[in-house]
Each structure stands twice: as structure tokens, then as C-alpha cells.
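The values are calculated or read from the model by the stated rules, or taken from the named source; none is laboratory data. All of these numbers come straight from a predicted model, not from anything done at the bench. Virtual Cβ from ideal backbone geometry, glycine too; neighbours counted across all protein chains shown. All accessible areas refer to the heavy atoms of the entire protein, side chains included, with ligands and DNA or RNA removed. Shrake-Rupley method; radii C 1.70, N 1.55, O 1.52, S 1.80 Å.
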Amino acid sequence: MPHPAPPNAAPPDTAPSNRTSPPPPRSPTRSASRSSPKNDDHASRGRSRDPCNSPRRKRRHRHSKTWRRPSNRATLHDYVRHGTTNLFAALNIATGEVLGECKPNRNGANFLAFLKKVVKPHAGKEIHIVLDNLSTHTTPDVMAWLEKNPHVHFHFTPVGSSWLNQIEIWFGIITRQSIRRGTFSSVHVLVKQIRDYINSWNQNPKPFTWTATTGEILAKVRLVATQRRSLSS
């Protein structure tokens, strides 16, 4: 990328002279103007009149020489992908604690295995789980397990309103603070980073508190639903 000349760079010497020939042509710049017939007439009568001699024109000429047109070349960086992982996570909205587990695939079997770990510490209690509309949450095996465990209740967020699920807030936090700007040489390194962050989070967990009122939240949900209907119609 070209470097701009320093702001105090002086233009070439444009001082008037007693020569009878016209001044030499200047290098083309964005603000350079063509010579007018009037200037050529003065030169033919024995006077050299440079249009850059006036203070205003000279300042403009100085400014035009300071900046250079940027190059069209772009710097390319090689991006190597070492693999991905899928993070299953559950937030206890009462305590703020997070239970997380990384799996190589996001499917119904892995979700069901994670779900059993989530509800196990709360056996015998009514458990309400907020989910989005991902298909892995409603596979036949998951629905069969749900029928055998009537104390577990699923609640699905409306389409386009997954922000109602507070685990989405936590996903945003771990992304900003631990993952987005990180460099991971392997999936193992990435998984370790996620586990370390979860352990650090659970050392001092704090539940999230809604600042909006119930009416404001429901109004936003209705607005999103209306916008989706208008787009689909």
C-alpha cells in the first residue's frame, strides 16, 4: 500500500521566471487543470504566467501533491481451517451456572445424551427447558424420552425470536470474550479454551436479569412475527 507523502512536503519550484517560453507541463494530478487559451496568449507576448503562482492556486497545488491515489492491490491472508466443534450448553437461570459439552456432530443422539446430563441433578423436580426450533430437538428418540419423563417440559421460542432464550446471551459473551479473536491450532485447543472459559464462568456465576418489562418483550415478539408474515406474503 503506498505511503502518503508527509504533510509538509513542498511542491516543485513554480516561481515565475522571465523566460519567453511557456512553463513546462506539470505531472497530472486530480486537481490539475488544463492550460487556458488566455495563459497561452500571455506566454506568446513574452510573459510567463503560471496558473499556480497565485496563493490560492498554489495552496491547491500543494494539497494535490500531498495525496496519492490508493493502489488497487489487496493484501491476501491465508486462512486455514483446522476443524469445528459443536457446543451444547444449558444455563440455569436461577443461579447463572452453565453446563457445556463439545461434540463433533450436532444431531439428535448427542442432544439427547446432553439433555440427560442436564436434568439428572434435578431429578424429581419440574424442569422447564427453553429451546429454539432446531430439528435435533424434536427427533423421534427425543420425543420418546420426553414422554417417559413427564416432569420435563419443552418450551420453544417463536421463529425469529431466539433472543428470548437467555443462553443466547451467554453464547454472545463467550464468543466476544474467548473465541472470536482467538487463534486455535486444532479442534482440541479450541475445545480446551471453551472448557476453561466455562469453568472460569462458574466460579462466580450470576443470573441474567431482564431490564425490559413483560409488555415490552411481548410487543417485540409480536413485531417480529408481523414482519416475518409481511416478508413471506
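Couple of notes before you dig in:
- Condition check for K125: over 30 Å from V224 (Cβ atoms), open to solvent by 80 Å² or more (accessible area, probe 1.4 Å) and at pLDDT 95 or above: no
- Going through (1) open to solvent by 90 Å² or more (accessible area, probe 1.4 Å); (2) over 19 Å from A90 (Cβ atoms) one by one, F184 falls short only on (1).
- Selection of the range 142-160 for residues being assigned to a helix (DSSP H, G or I), surrounded by fewer than 12 Cβ atoms within 10 Å (Cβ to Cβ) and not basic (K, R) yields A144, E147.
- Residues within the range 201-220 that are within 25 Å of the chain's Cα centre (by Cα) and in a helix (DSSP H, G or I), tallied: 2
- Scanning the range 90-130 for residues that are assigned to a strand (DSSP E or B) and aliphatic (A, V, I, L, M) yields A90, L91, V98, L99, I127, I129, V130.
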